[in-house]
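The values are calculated or read from the model by the stated rules, or taken from the named source; none is laboratory data. Because the structure is a prediction, the values reported are computed rather than measured. Using ideal geometry, Cβ is built from the backbone for each residue, glycine included, and neighbour counts are taken over all protein chains shown. Please note that ligands, DNA and RNA were not included when accessible areas were found on the heavy atoms of the full protein model with its side chains. Shrake-Rupley method; radii C 1.70, N 1.55, O 1.52, S 1.80 Å.
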Amino acid sequence: MRIRINSSAALWAVTAVVVLAGAGCASRGGSGGSQPAAAPAPAPAAPARGGAKAGMDAQGNVVDSSKVEAGSGRTVKGLNGYEGEITGNPARNSKFTRLQIGMSAKQVTDLAGPPTDQGAYVTGKAFIPFYFGSDRHRFEMTYKGQGRLVFAGGGMGEYTSGNLIWIIHNANESGYR
């Protein structure tokens, strides 16, 4: 008798085990409330030159949005008790200065207009069995010459909504993820 292994199913199983092992313990923290937490730290980046944080220059300007780490900016309290982060300095005539942490994706697009690019991704919390809290996925909008906006939450299967939790000001933003 010969056993056949479905290679794509095996790949998904291995990927799930690696993600669960890496994110399981770190994603269990929190206050227990239903409000989303601040953005999680992306993969560690190489230390920046001159003591500046990754993806930023010494003056606090974001030079590469994809390398900016959570905690690089200032933590703020926003609408309806949402906590979030604002990183970098706004570009001249920035549309982002009118935005507030906690705004819905619809409120943001009404003020800032449509993004140049957008996309969604899951967080480690998505792999916790029976976890029904917020922040299982993130939705990101990029605006050319303005920066990036990161949203957390939204409904099951609805990856284009949620509330604003991170504003990344970057006057050099290409507009594409």
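One table, with the values for the structure above:
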{"item": "Candidate lysines - alpha carbon under 27 Å from Lys106, same-chain residues fewer than 8 apart omitted", "result": "Lys67, Lys77, Lys95, Lys125, Lys144"}
{"item": "Solvent-accessible area of Tyr176 with every protein chain in place, 1.4 Å probe, in Å² to the nearest 10", "result": "130 Å²"}
{"item": "Using a Förster distance of 22 Å, the FRET efficiency for Asn93-Arg177 (Cβ separation, nearest 0.05)", "result": "0.40"}
{"item": "Rounded to whole Hz, the Karplus (6.51, -1.76, 1.60) HN-Hα couplings of the stretch 89-97, x for glycine and proline", "result": "10, x, 5, 4, 6, 5, 6, 6, 5"}
{"item": "Residue-wise HN-Hα coupling along the stretch 163-168, computed from phi with Karplus coefficients 6.51, -1.76, 1.60 (Hz; x: Gly, Pro)", "result": "10, 5, 10, 8, 10, 10"}
{"item": "Using a Förster distance of 41 Å, the FRET efficiency for Asp117-Val76 (Cβ separation, nearest 0.05)", "result": "0.95"}
{"item": "Distance (nanometres) between label positions extended 7 Å along Cα→Cβ at Lys144 and Asp64", "result": "2.2 nm"}
{"item": "For Lys53, solvent-accessible area (1.4 Å; no DNA, RNA or ligand), Å²", "result": "100 Å²"}
